[in-house]
Amino acid sequence: MSDAATPWFVDFSDVWLAYNEELLQKNQFAVEAIDLKVRKGEFIAIVGPSGCGKSTFMKLATGLKMPSMGKILIDGQPVTGPLKISGMAFQAPSLLPWRTTVDNVLLPLEIVEPYRSNFKQKRKEYEERARKLLQKVGLAGYEDKFPWQLSGGMQQRASICRALIHEPKMLLLDEPFGALDAFTREELWCILRDLWTEQQFNVILVTHDLRESVFLADTVYVMTKSPGRFEVRREIDLPRPRDLEITYTPEFTDIVHDLRGHIGALRKAGATINQ
């Protein structure tokens, strides 16, 4: 595919970030030399050891942090501040305990323009959209319950609905399933896979779980220890749609082992440098 025919949806050009002026003077960067080009609708995952700058990268991708050097374009536009076209979900669902599930999901529409201005007039329509989304992720019958009446997995489903309610072009997920048990986690992989297949938004998933990254993503990037940079790019050439059975195949396991080997080698290299 040529760049002209398909402009990149996410385009990082030699991006470096130091957290403050003093660290910049000392050339101490949290992430360095990030070059990343992502097609529209692509699902990427970022893996790597703790403290390698994965969350810092997310802040750059959403415009919560500005790079010290380099350029970031999202959807063809330079990033100059927090993006309205993205939705985010984190490891902790952080639902407001005094709001019902459906009211938690509606929250972005009360805050983000252009929805905010119309919220009162269109509340019924928006609520219908929220209820449909909750039903899609298996929360039919729980729309009017409070967060304390939901399990951790249910709360995380609601959190993903909240991130998608304003129909963002990009979904950023920071360890979203890390606190869940294995069965719930795999259920949520399938829910995310189905939502993405249907709506084709871009996804950037940060995870420690290599199986998760290989099951969900088109491309997996391995980050080095701080200062974080992308050391390995691995296209996942497993056919879609993917079912959980694929995670037990030799092809799948080989990719996971290959990625694990890269992370192990980076850890060793980091330990040698630090000695």
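Looking only at the range 14-36, how many residues end up being loosely packed, with under 14 Cβ neighbours inside 10 Å and in contact with a strand residue (DSSP E or B) (Cβ under 9 Å, 6 or more places away or on another chain)?
Matching residues across the range 14-36 total 2.
Confirm whether V102 is under 17 Å from the mean Cα position of the chain (by Cα) and of a type in the set (V, I, T).
Answer is no for this residue.
Would you check which residues across the range 190-208 are in contact (Cβ under 8 Å) with a residue 60 or more places away in the chain and not in a loop (DSSP other than H, G, I, E, B) and list them?
W196, N202, V203, I204, L205, V206
Just wondering, is there one or more residues in the range 204-225 that are surrounded by fewer than 22 Cβ atoms within 10 Å (Cβ to Cβ), hydrophobic (A, V, I, L, M, F, W, C), closer than 28 Å to L133 by Cα and within 14 Å of the chain's Cα centre (by Cα)?
Scanning the range 204-225, I find no residue that is surrounded by fewer than 22 Cβ atoms within 10 Å (Cβ to Cβ), hydrophobic (A, V, I, L, M, F, W, C), closer than 28 Å to L133 by Cα and within 14 Å of the chain's Cα centre (by Cα), so the answer is no.
Would you check if there is a residue in the range 176-189 being in a loop (DSSP other than H, G, I, E, B), small (G, A, S) and at pLDDT below 95?
yes
Which condition number does K54 fail, the rest of (1) within 21 Å of D209 (Cβ to Cβ); (2) in contact with a strand residue (DSSP E or B) (Cβ under 8 Å, 6 or more places away or on another chain); (3) surrounded by fewer than 22 Cβ atoms within 10 Å (Cβ to Cβ) being met?
Looking at each condition in turn, K54 falls short on (3).
Tell me which of these R211 doesn't satisfy, since it passes every other one: (1) assigned to a helix (DSSP H, G or I); (2) modelled with pLDDT under 95; (3) not β-branched (V, I, T).
(2)
Restricting attention to the range 219-271, which residues are out of contact with any Ser or Thr (no Cβ under 9 Å at 6 or more places or on another chain), within 21 Å of L192 (Cα to Cα) and basic (K, R)?
R242
For the range 53-90, which positions are touching a helix residue (DSSP H, G or I) at 6+ places or on another chain (Cβ under 8 Å), assigned to a strand (DSSP E or B) and closer than 20 Å to K37 by Cβ?
Answer for the range 53-90, where residues must be touching a helix residue (DSSP H, G or I) at 6+ places or on another chain (Cβ under 8 Å), assigned to a strand (DSSP E or B) and closer than 20 Å to K37 by Cβ: I72, I74, S86.
Only one of (1) out of contact with any Leu (no Cβ under 8 Å at 6 or more places or on another chain); (2) not assigned by TED's automatic domain parsing to the domain that holds A92 is not met by E212, so which one is it?
Among (1) out of contact with any Leu (no Cβ under 8 Å at 6 or more places or on another chain); (2) not assigned by TED's automatic domain parsing to the domain that holds A92, E212 violates only (1).
The values are calculated or read from the model by the stated rules, or taken from the named source; none is laboratory data. Keep in mind the model is a prediction, meaning the values are calculated, not measured. Counting neighbours? That spans all protein chains shown, and the Cβs are built from the backbone with ideal geometry, glycine included.
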